[in-house]
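Structure record follows, encoded as structure tokens.
The values are calculated or read from the model by the stated rules, or taken from the named source; none is laboratory data. What you see is a predicted model; the values in this text were computed from it and never measured. Here the Cβ positions follow ideal geometry from the backbone for every residue, glycine too, while neighbour counts run over all protein chains shown. Only protein heavy atoms, including side chains, enter the accessible area calculation; ligands, DNA and RNA are left aside. Shrake-Rupley method; radii C 1.70, N 1.55, O 1.52, S 1.80 Å.
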Amino acid sequence: MFKFTITKKSKKSRARLGLLKTSHGVIETPVMIPVATQASIKTLNSEQVKKTGSQLLICNTYHLRLRPGEKVIKSLGGLHQFMNWSKPLMTDSGGFQVFSLGFGRDFNVSKIIKGRVKSQIKAGQQPKLLKITKTGVWFRSHVDGRKIFLGPKESMEIQSALGADIIFAFDECPPPHANRAYVSDSVELTHKWAELCLKHHDKKQALYGIAQGGHFRDLRLKSARFIGSLPFDGFGIGGELGGSVLEMKKMLAWVTAELPEGKPRHMLGTGHPEDIPAIIASGCDTFDSIVPTHFGRHGTAFTSSGRLNLSNLIFLKDKKPLEPGCECEACTGYSRAYISHLFRSRELLGMQLLSIHNLTFFNRLVSDIRRKIEEGKF
Ligand SMILES: [Zn+2]
């Protein structure tokens with residue numbers, strides 16, 4: 001089962017409130033989706049994740065394909081049962097790893113480069129460790145070095161075996177510093193793969209197509225129009241979206257204007273607290289972010305008055321909770337001083353407490369925006 005209903009549209013922005021119905025429950029949108037790369041939110045069990053207010057999680061097809069393998073997960077009852085998560089799940093397609101393990105690794109760059117980007121990658125150029133062909137991508141496993149092939153058909157088969165509620169079409173996520181000709185070719189490839197994904201989709205799961213196009217306006221419009229015209233259940237917005245919140249807003253406006261109004265939109269792989277209002281105001285219904293958990297494991301707490309680096313000595317004398325008034329387990333039971341001590345002593349509990357607080361903080365930030373949309377204030 002999959003149904004998306006828009007319950008309210010903002011008059012102040014393109015934001016909308018909605019309900020995503022799946023066979024594992026109803027999701028209130030807009031919503032932030034924590035990333036459970038290897039079928040786990042690092043350091044937390046599923047009960048702890050639920051208590052942070054998280055409504056659904058996204059897992060990575062590429063990682064689960066390598067370890068333990070989709071057949072193992074299927075034989076153990078599918079991803080929900082395997083990881084003891086009864087709420088909805090998404091899997092990505094492996095397309096992002098074409099970038100992160102390819103040019104992303106070669107040039108040591110992330111999807112988003114702040115400031116001006118110089119084109120360094122030309123049409124036809126190949127990354128060092130993987131080979132992009134017309135039918136799919138050859139990867140060299142980072143686990144044991146074996147070669148694996150992932151194309152539209154393979155991605156659909158793996159995601160079907162994993163059994164998430166929402167899955168994504170296999171795409172090529174172009175690097176942010178690719179030239180126009182490279183991105184143009186890449187968009188064509190993503191479009192061809194999108195059609196093949198629809199052909200190989202077993203229809204038991206909701207399938208989202210992914211619009212690409214880098215920072216080139218015409219390519220973004222072309223991709224959003226083409227992907228938006230295909231019979232997908234929803235749409236992902238992939239690739240880089242500029243080096244600032246302002247640019248992201250401008251580029252999201254190009255794309256969301258071309259996508260069908262009544263279907264859900266997911267922004268792939270972004271979400272610092274300062275980005276979130278812009279993502280939602282641009283009309284995205286869901287977005288996934290590693291920020292709360294990744295930064296949490298590295299000692300950063302997000303609060304309404306900014307970031308705290310808990311490894312800092314000054315917090316060893318601070319009796320306050322991370323965020324006064326926060327009802328998460330970390331804030332109701334532990335002081336900044338104790339959590340600082342945990343990080344300074346490299347105790348795993350520190351990572352766990354900050355992951356709990358940060359997920360709670362992000363989920364609260366988004367639910368506050370949902371309330372504001374409801375009240376006509378956003
Ligand atoms: Zn808290």
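Could you report segment 21-163's accessible area per residue, 1.4 Å probe, as an integer in Å²?
The answer is 46 Å² per residue.
Name the residue farthest towards the positive end of the dipole of segment 29-289 from the options SER100, LEU241, ILE41, assuming +1 on Cβ of Lys and Arg, -1 on Cβ of Asp and Glu, about the Cα centre.
Farthest towards the positive pole: SER100.
How much mean residue ellipticity at 222 nm does the chain get from its helices, if each DSSP H run of length 4 or more adds -39500 (n - 2.57) and you divide by all residues, to the nearest 500 deg cm²/dmol?
It comes out at -11000 deg cm²/dmol, rounded to the nearest 500.
Suppose every K and R has +1 on its Cβ and every D and E has -1 on its Cβ; what is the size of the dipole of the chain about the Cα centre, in Debye to the nearest 20?
460
Considering amide H positions built from the backbone, and no H for Pro or chain starts, which residues 5 or more places from GLU172, or on another chain, come under 5 Å of its amide H?
Sorted by chain and number, the residues that satisfy this are THR190.
Can you check what the net charge comes to around LYS134, using other residues whose Cβ is under 15 Å from the Cβ of LYS134 (Lys, Arg +1; Asp, Glu -1)?
Values: positive: LYS131, LYS153, LYS192; negative: GLU154, ASP171, GLU172, ASP185, GLU188, GLU195.
That sum, taken over residues with Cβ under 15 Å, equals -3.
Cα axis of helix 180-200 to longest principal axis of the chain: angle in degrees, 0 to 90, nearest 10?
Helix 180-200 and the main axis of the chain meet at about 90 degrees.
Connecting C-alpha atoms closer than 10 Å in a GNM of the chain, tell me which of VAL143, VAL109, VAL26 has the biggest fluctuation.
VAL143
Once the Cα atoms of helix 217-229 and of the chain are each reduced to a long axis, what angle between those two axes, in degrees from 0 to 90 to the nearest 10, is obtained?
Between helix and principal axis, roughly 80 degrees.
Checking the a/c ratio against 1.5 first, then a/b against b/c, what shape does the Cα gyration tensor give for the chain?
Rounded.
Given H placed 1.01 Å from N in the peptide plane, which residues other than close sequence neighbours of PHE4 have an amide H under 5 Å from its amide H?
Here the answer is LYS21, since their amide H atoms fall under 5 Å of that of PHE4.
No partner Cβ under 4.7 angstrom, meaning no disulfide-compatible partner by this rule: which Cys of the chain qualify?
CYS59, CYS173, CYS197, CYS284, CYS328
Can you compute the modelled spin-label distance between LYS192 and GLN126, with each label point 7 Å from Cα toward Cβ, in nm?
With each label placed 7 Å out from Cα toward Cβ, I get 1.6 nm.
Please give the helix 152-162 orientation as an angle from the longest Cα principal axis of the chain, in degrees from 0 to 90, rounded to the nearest 10.
The angle comes out near 40 degrees.
Would you please give the residues with an amide H less than 5 Å from that of ILE33, counting only those at least 5 places away or on a separate chain, with H modeled from the backbone geometry?
Counting only residues 5 or more places away or on other chains, the set is PHE287, ASP288, SER289.
Would you mind telling me the antiparallel percentage of the DSSP bridges in segment 1-116, rounded to 5?
Close to 75 percent.
Starting from segment 180-222, pick out the trypsin sites (Lys or Arg not before Pro) whose DSSP state is loop and whose Cβ has at most 10 other Cβ atoms within 10 Å. Kindly include the intermediate steps, with their values, before the conclusion.
Working: sites: ARG180, LYS192, LYS199, LYS203, LYS204, ARG217, ARG220, LYS222; in loops: LYS203, LYS204.
In loop regions of segment 180-222 (DSSP not H, G, I, E or B), the sparsely surrounded trypsin sites (Lys or Arg not before Pro) are LYS203.
Would you mind working out the accessible area per residue for segment 321-378, using a 1.4 Å probe, and quoting it in Å²?
Counting only protein heavy atoms, the per-residue value for segment 321-378 is 47 Å².
Of ASN312, TYR338, ALA301, which is farthest on the positive side of the dipole of segment 301-352, counting Cα position, with +1 on Lys and Arg Cβ, -1 on Asp and Glu Cβ, and the Cα centre as origin?
Of the candidates, ASN312 comes out farthest on the positive side.
Magnitude of the Cβ-charge dipole of segment 36-144, K/R +1 and D/E -1, about the Cα centre, nearest 20 debye?
400
Report in % the part of the accessible area of the chain that belongs to carbon and sulfur, leaving out ligands and nucleic acids; probe 1.4 Å.
The C+S portion of the solvent-accessible surface of the chain is 53 percent.
Over segment 228-291, give the accessible area per residue in Å² for a 1.4 Å probe, as an integer.
I get 28 Å² per residue for this part.
Of all beta bridges DSSP finds with both residues in the chain, what is the antiparallel percent, to the nearest 5?
Counting only bridges with both partners in the chain, antiparallel ones make up about 50 percent.
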